[in-house]
Structure formats: structure tokens, C-alpha cells
1. Within the stretch 139-161, is even one residue over 17 Å from residue 181 (Cβ atoms), surrounded by 16 or more Cβ atoms within 10 Å (Cβ to Cβ) and within 60 Å of the chain's Cα centre (by Cα)?
2. Of all residues in the stretch 120-138, count the ones that are surrounded by fewer than 11 Cβ atoms within 10 Å (Cβ to Cβ) and closer than 30 Å to residue 82 by Cβ.
3. Restricting attention to the stretch 198-210, and to residues there that are within 13 Å of residue 132 (Cβ to Cβ) and at pLDDT below 70, which single residue is surrounded by the fewest Cβ atoms within 10 Å (Cβ to Cβ)?
4. So, restricting to strands (runs of 3 or more DSSP E) that lie completely within the stretch 261-317, which ones have at least 2 residues that are without any contact (Cβ under 8 Å) to a residue 60 or more places away in the chain, surrounded by fewer than 18 Cβ atoms within 10 Å (Cβ to Cβ) and more than 17 Å from the chain's Cα centre (by Cα)?
5. What about residue 351, is it in contact with a helix residue (DSSP H, G or I) (Cβ under 9 Å, 6 or more places away or on another chain), farther than 30 Å from residue 92 by Cα and part of a loop (DSSP other than H, G, I, E, B)?
6. Condition first: farther than 26 Å from residue 70 by Cα and surrounded by fewer than 13 Cβ atoms within 10 Å (Cβ to Cβ). Now tell me which residues in the stretch 223-247 satisfy that.
7. Filter the stretch 100-128 for residues that are outside any helix (DSSP H, G or I) and either at pLDDT below 80 or more than 12 Å from residue 228 (Cβ to Cβ) (or both) and give the result.
């Protein structure tokens with residue numbers, strides 16, 4: 001007798017189908033969510049530079065080159081042009097103030113001086129003659145008044161005598177009138193002479209004042225001409241060492257041309273060029289230092305030249321204490337210009353990674369030391385040795401600081 005056979009719900013085929021679907025779904029989930037999707041690059045670790053993150057004293061500074069210069073330099077210029085006629089000293093000579101350096105010849109100037117000197121002496125002579133004539137006229141008027149006074153005295157005595165005699169009938173009316181007329185005439189002359197003397201005296205005083213001022217100006221002009229002629233002989237304006245002096249016999253120097261410098265031998269300063277990015281962070285009194293012959297020397301910025309040329313500006317730095325022995329003018333010394341005091345900070349060593357990342361991320365070694373992963377960081381201050389890390393790293397961690405040019409920005413570096 002036939003019996004009904006129940007159909008199986010989970011056949012081997014069906015189980016295999018569901019298993020395949022589940023496996024495919026798990027594979028998709030793995031690909032999307034569970035698999036490590038980070039990009040990798042296998043590299044040789046021997047070609048890397050690895051540094052440890054430190055917590056240590058940090059000071060922000062930048063390296064700058066300072067050129068040794070004398071504490072004070074005086075330029076020697078040719079006030080008047082001319083041909084070099086004589087040279088008295090050589091470059092590098094130690095001079096005292098007033099020592100002769102060279103002499104220029106300028107025939108045209110010398111001839112002009114002689115002509116103008118002759119003309120001035122003629123004018124001065126004419127003015128002095130005018131002054132003499134005025135003084136002689138003054139004395140002549142005084143003599144005239146004195147003579148009139150003498151005549152008046154005689155005429156007055158004669159008039160008074162004849163007036164008495166005329167009253168006594170001893171002289172005629174004509175004699176009396178002649179004596180009176182002579183006396184009145186002389187008195188009139190005396191009044192005119194007095195007014196003439198008063199007017200002439202005022203005029204003479206004014207003229208003598210103008211003449212004296214003119215003579216003074218003439219003498220001053222003559223002194224200036226003589227001084228210009230003396231400028232043909234170049235002398236040391238101060239004591240010091242003659243530098244940058246170049247001249248040859250027969251060479252022509254133009255007015256205003258720099259002939260050399262005199263360096264004051266009282267000390268040195270350094271002149272440094274600083275990148276224009278730091279112009280707003282540079283100030284008078286800012287500290288700097290450098291090492292020389294095994295010793296450390298401190299400096300301060302004394303002067304800032306605000307004009308920017310070729311992307312940099314210049315500053316003068318003076319020594320705070322002693323000046324190192326043996327430095328010479330024109331010598332270049334590397335300084336450390338400080339922008340902050342020394343403070344504790346998390347730091348990493350400087351390296352080529354910064355050019356690729358801009359300080360925004362870095363490769364950090366994992367604990368097993370077999371790989372390194374990319375991690376975002378934030379960098380603050382810097383100096384020639386290290387960067388200050390503000391965020392993203394902890395002391396003791398190790399990072400790759402060499403160049404990242406060959407890594408292509410991969411997320412993970414695997415060492416092999």
C-alpha cells in the first residue's frame with residue numbers, strides 16, 4: 001500500500017543556497033564596514049629619520065647672519081673735485097684727527113680764487129676809502145664849526161665894543177652897522193654849520209654801519225673761498241683706521257665722491273638682515289646671541305632700518321658686555337635672534353616632513369614599531385632645532401621627521 005512521503009523543508013540544496021547568500025552578505029559587510037580601508041605603503045625603515053617627542057625647555061629664535069662693522073664709521077668725501085696730486089697714507093693706516101690723506105689739484109678753481117680775491121680786495125679798498133672820506137668830512141666840519149666859533153667870538157667882541165662907542169659918539173653909524181652885520185652873518189653861518197654837521201653826522205653813522213657790514217661780508221666771502229681751496233687737501237675728520245681708500249696719482253675725483261671711510265677704533269657692532277615676515281616682531285632691545293671661540297656673547301638690537309629691500313630689512317646690534325677678541329670688520333657671524341624666553345614645551349625635531357605637511361599632520365610609529373600611521377597635529381613656535389607641538393602628540397611617542405616626498409600621502413606606512 002502506498003504511503004504519503006512528506007516533503008523536507010530544509011534540503012541540502014536549499015541550505016547551500018542560503019549559506020551562499022549569507023556568505024555573500026557577510027563579504028559585502030566586511031568590505032564596507034569591517035575591512036581596513038586605509039591606504040598602505042611598504043617601505044624600508046632604514047631610509048627614515050625617526051625622532052622622539054620630548055617635553056623640554058624651548059625658546060623661539062631664528063638664525064640670522066650678522067656682519068661685523070665698527071661702532072661708528074665716518075665717510076670721507078671730496079668736497080671739491082680735482083686731480084689727485086699727492087697721496088700721503090695707504091688704506092688701513094691709523095690716523096689722528098687732522099692728518100693729511102691726499103691733495104687734489106684744481107687749476108680752474110685756484111685761478112678763480114685768485115681773480116675773486118683780487119676783486120674783493122679792490123672792493124674792500126674802495127669801501128675803506130669811502131669810510132676814510134666820511135671820517136675826513138666829519139673832521140672838516142668840526143674844524144669849520146671851530147673856526148666859525150672863533151670868528152663869532154671876535155665879531156661879538158668887536159660888535160659890543162662899537163655898540164658902546166657908538167652910544168658915546170666915538171664911532172660912526174657905518175662902523176657900528178658893519179660890526180653888527182658881520183656878527184649876524186657869522187651867527188647865521190654857525191647855525192647852518194650846526195645843521196649841516198647834525199645831518200652829516202646821521203648820514204655818516206648810517207654809511208659807516210653799511211660799510212662795516214659790507215666789509216664783514218666781504219671778509220666772510222673771502223674766508224669761504226679760502227676754505228674751499230683748503231678742501232683740496234683732504235684731511236682726517238676724526239681719529240681712527242682708514243678703510244675702503246682707493247686713489248692713484250693723476251686720477252680725477254668728482255665733487256661729492258666718497259674717497260674712503262674712517263672706522264672709530266672704540267668697538268664693533270653687527271648689522272644683520274632679517275626676513276620681512278618678522279618685521280612686526282622685531283623691536284629695540286630685542287636679545288640675540290652667538291657662540292665664538294668657545295664662549296657665548298649677548299647682543300641687543302640698537303637700531304631698526306624700516307625700509308625693506310629684496311624681502312628683508314636690516315638691524316644694528318650692539319654687544320651687551322664684552323666684545324670677542326679677534327673679530328674683524330666684514331666678518332660674518334651667525335646669530336640666534338630670540339623671540340621668546342625659555343619655557344617647557346612638547347617638541348619634535350625639525351625635518352623635511354614640514355615641507356610636505358605644512359605642520360598639519362605627521363606619521364606616528366605604532367607601539368609595535370612595525371608601522372606608522374598618519375595623525376593630525378598643530379604646530380606653534382619654532383627654532384632652528386625643533387618645533388613646538390600644541391596638539392596631537394604626547395612626550396615619548398616616536399615620529400618620522402624625514403621627507404615625505406615619496407610616500408604619496410598614504411594613511412599607513414608598513415616597515416619591511
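The values are calculated or read from the model by the stated rules, or taken from the named source; none is laboratory data. Values in this document were obtained by computation on a predicted structure and should not be read as measured data. Cβ: placed from backbone, ideal geometry, glycine included. Neighbour counts: every protein chain shown.
1. Checked against the condition, which is being over 17 Å from residue 181 (Cβ atoms), surrounded by 16 or more Cβ atoms within 10 Å (Cβ to Cβ) and within 60 Å of the chain's Cα centre (by Cα), the stretch 139-161 yields no hits at all.
2. Total meeting the criteria: 1.
3. First, the residues of the stretch 198-210 that are within 13 Å of residue 132 (Cβ to Cβ): 204, 207-208.
So of that shortlist, the ones also at pLDDT below 70 come out as 204, 208.
Numbers: 204: 18, 208: 15.
Result: 208.
4. Numbers: elements: 268-275, 287-292, 295-309.
The strands (runs of 3 or more DSSP E) meeting that bar are 287-292, 295-309.
5. On the way: in contact with a helix residue (DSSP H, G or I) (Cβ under 9 Å, 6 or more places away or on another chain): no; farther than 30 Å from residue 92 by Cα: yes; part of a loop (DSSP other than H, G, I, E, B): yes.
No.
6. Matches in the stretch 223-247: 223, 224, 226, 227, 230.
7. Our first condition is that a residue be outside any helix (DSSP H, G or I); within the stretch 100-128, this holds for 100-106.
Of everything in the stretch 100-128, those that are outside any helix (DSSP H, G or I) and either at pLDDT below 80 or more than 12 Å from residue 228 (Cβ to Cβ) (or both) turn out to be 100, 101, 102, 103, 105.
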